[in-house]
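Visitor: Got a structure here, written out as structure tokens. Questions coming.
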Amino acid sequence: MKHEKKFSVSVIIPAYNGEKYLGEAIESVLSQSLEPMEIIVINDGSDDETYKIEKTFSGYIKYLSQDRKGLGFSRNRGIEQSNGNFTAHLDADDLWEKEKLLFQYETFKENRDVEITGGLMRSFYSPEIDIEEIKSIYCPPDPIPSFSASAIVVKKSCYKRIGFYSTGIDDAPDLEWFIRAREYGIKEIMINKILCHRRIHKSNTGIRNADTNRKRLHLLKQKLDRNKK
């Protein structure tokens with residue numbers, strides 16, 4: 001099923017040292033029942049063999065390479081290079097359900113004023129994690145509602161009003177952007193269907209870096225403080 005002209009989706013996948021999982025992420029986009037307009041992969045200064053994965057999908061993706069700039073910069077570059085009137089982000093280690101874009105297209109079609117859609121995200125342990133490691137890494141047992149990057153589709157016009165991702169907080173640009181979007185009154189819908197799967201592995205930013213979680217909590221506290229004023 002091809003995209004309709006009014007729902008042309010650009011898929012943006014930043015990749016830093018993504019050789020392990022990037023191929024599966026791209027495959028989950030290529031298998032969508034609703035075909036995206038384009039897939040843009042940004043190699044953010046990887047020092048592994050991510051480039052070989054990208055070459056495997058030559059002809060199916062638009063490939064951009066850069067020195068290490070961080071997640072926020074990579075997302076912004078993908079948006080700037082995109083041609084669709086919607087953007088869908090996917091982290092290089094996550095996966096989409098086959099009907100993800102279709103469910104979101106149907107939601108936008110039925111709710112013309114909506115600017116962003118999220119959905120349920122299911123977490124899973126990556127197959128290479130051994131039992132001892134699993135004991136020390138928490139994986140939510142049930143799907144959870146999510147407006148995280150891998151779950152959302154956003155009207156591209158929103159970025160003119162809300163702005164792009166912050167490049168100064170590389171550990172949590174998605175959360176900062178979404179908090180800002182809500183403060184601007186973005187019109188949202190949460191779809192009660194599983195749209196994506198978050199891979200739990202040893203290299204997850206939130207797992208390997210406790211400072212990341214502190215920064216996320218700090219962003220939430222800043223929002224609460226602003227709401228009190």
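The values are calculated or read from the model by the stated rules, or taken from the named source; none is laboratory data. On a predicted model such as this, the values are computed, not experimentally measured, just so you know. All Cβ positions, glycine included, derive from the backbone under ideal geometry; neighbour counts span all protein chains shown. For accessibility, only protein heavy atoms count, side chains too; no ligands or nucleic acids. Shrake-Rupley method; radii C 1.70, N 1.55, O 1.52, S 1.80 Å.
Visitor: Can you find a residue in the range 8-29 that is more than 20 Å from Ala149 (Cα to Cα) and either in contact (Cβ under 8 Å) with a residue 60 or more places away in the chain or not charged (D, E, K, R) (or both)?
Guide: No, there is no match, as no residue in the range 8-29 is more than 20 Å from Ala149 (Cα to Cα) and either in contact (Cβ under 8 Å) with a residue 60 or more places away in the chain or not charged (D, E, K, R) (or both).
Visitor: Looking at the range 87-119 only, could you name the residues that are outside any helix (DSSP H, G or I) and in contact with a Lys or Arg (Cβ under 6 Å, 6 or more places away or on another chain)? Step through it out loud before you land on a result.
Guide: Within the range 87-119, the subset outside any helix (DSSP H, G or I) is 87-99, 111-119.
Listed by number, the residues that qualify are Thr87, Asp93, Asp94, Asp113, Val114, Glu115, Gly119.
Visitor: Go through the range 113-134 and report how many residues are open to solvent by 60 Å² or more (accessible area, probe 1.4 Å) and closer than 20 Å to Pro145 by Cβ. Quick ask: steps written out before the conclusion?
Guide: To start, the set of residues in the range 113-134 that are open to solvent by 60 Å² or more (accessible area, probe 1.4 Å) comprises 113, 122, 125, 127-128, 130-132.
So of that shortlist, the ones also closer than 20 Å to Pro145 by Cβ come out as 122.
Matching residues across the range 113-134 total 1.
Visitor: Okay, moving on. Mind listing just one residue for me: the one in the range 121-137 that is among the hydrophobic types (A, V, I, L, M, F, W, C) and more than 13 Å from the chain's Cα centre (by Cα) and, of those, nearest to Arg199 (Cα to Cα)? Steps first, please.
Guide: First, the residues of the range 121-137 that are among the hydrophobic types (A, V, I, L, M, F, W, C): 121, 124, 129, 131, 134, 137.
Adding the requirement that they be more than 13 Å from the chain's Cα centre (by Cα) leaves 124, 129, 131, 134, 137.
On the way: Phe124: 5, Ile129: 11, Ile131: 16, Ile134: 13, Ile137: 12 Å.
Among them, the one singled out is Phe124.
Visitor: I would also like to ask the following. Could you check how many residues of the range 63-78 are touching a Phe, Trp or Tyr at 6+ places or on another chain (Cβ under 6 Å) and farther than 20 Å from Glu24 by Cα? Working first, answer last.
Guide: As a first pass, look at the range 63-78 and keep what is touching a Phe, Trp or Tyr at 6+ places or on another chain (Cβ under 6 Å): 72, 75-76.
From what is left, the residues that are farther than 20 Å from Glu24 by Cα are 72, 76.
Counting residues in the range 63-78 that are touching a Phe, Trp or Tyr at 6+ places or on another chain (Cβ under 6 Å) and farther than 20 Å from Glu24 by Cα gives 2.
Visitor: Kindly provide the set of residues from the range 121-150 that are touching a His at 6+ places or on another chain (Cβ under 9 Å), within 18 Å of Glu188 (Cβ to Cβ) and among the aliphatic types (A, V, I, L, M), ordered by number.
Guide: Met121, Ala149, listed by residue number.
Visitor: I've got another one for you. Could you check how many residues of the range 162-195 are over 17 Å from Ser10 (Cα atoms) and touching a Phe, Trp or Tyr at 6+ places or on another chain (Cβ under 6 Å)?
Guide: Summing the residues that are over 17 Å from Ser10 (Cα atoms) and touching a Phe, Trp or Tyr at 6+ places or on another chain (Cβ under 6 Å) in the range 162-195 gives 7.
Visitor: A further question follows. Does the range 90-112 hold any residues that are over 14 Å from the mean Cα position of the chain (by Cα) and either open to solvent by less than 40 Å² (accessible area, probe 1.4 Å) or closer than 21 Å to Ile179 by Cβ (or both), and which are they? Reasoning before the result, please.
Guide: Here is the first cut: in the range 90-112, the ones over 14 Å from the mean Cα position of the chain (by Cα) are 98-99, 102-112.
Listed by number, the residues that qualify are Leu102, Gln104, Tyr105, Thr107, Phe108.
Visitor: Which of (1) closer than 25 Å to Glu99 by Cβ; (2) in contact (Cβ under 8 Å) with a residue 12 or more places away in the chain is the odd one out, the single condition Tyr63 does not satisfy?
Guide: (1)
Visitor: Within the range 148-193, can you find the residues that are part of a loop (DSSP other than H, G, I, E, B), among the charged types (D, E, K, R) and loosely packed, with under 15 Cβ neighbours inside 10 Å?
Guide: Lys187
Visitor: Taking the condition of being within 13 Å of Cys196 (Cβ to Cβ) and of a type in the set (Gly, Ala, Ser), how many residues in the range 55-91 meet it?
Guide: Our first condition is that a residue be within 13 Å of Cys196 (Cβ to Cβ); within the range 55-91, this holds for 88-91.
Within this subset, residues satisfying the condition of being of a type in the set (Gly, Ala, Ser) are 88.
Total meeting the criteria: 1.
Visitor: Could I ask something else about it? From the list Phe108, Phe103, Phe57, which residue is in contact with a helix residue (DSSP H, G or I) (Cβ under 7 Å, 6 or more places away or on another chain) and more than 30 Å from Asp47 (Cα to Cα)? Give the derivation first.
Guide: Details: Phe103 fails: in contact with a helix residue (DSSP H, G or I) (Cβ under 7 Å, 6 or more places away or on another chain); Phe57 fails: more than 30 Å from Asp47 (Cα to Cα).
Among Phe108, Phe103, Phe57, only Phe108 is in contact with a helix residue (DSSP H, G or I) (Cβ under 7 Å, 6 or more places away or on another chain) and more than 30 Å from Asp47 (Cα to Cα).
Visitor: Only one of Ile169, Ile194, Ile179, Ile189 is touching a residue at least 40 places away in the same chain (Cβ under 8 Å) and touching a Ser or Thr at 6+ places or on another chain (Cβ under 6 Å). Can you tell me which?
Guide: Working: Ile169 fails: touching a Ser or Thr at 6+ places or on another chain (Cβ under 6 Å); Ile194 fails: touching a Ser or Thr at 6+ places or on another chain (Cβ under 6 Å); Ile179 fails: touching a Ser or Thr at 6+ places or on another chain (Cβ under 6 Å).
The match here is Ile189.
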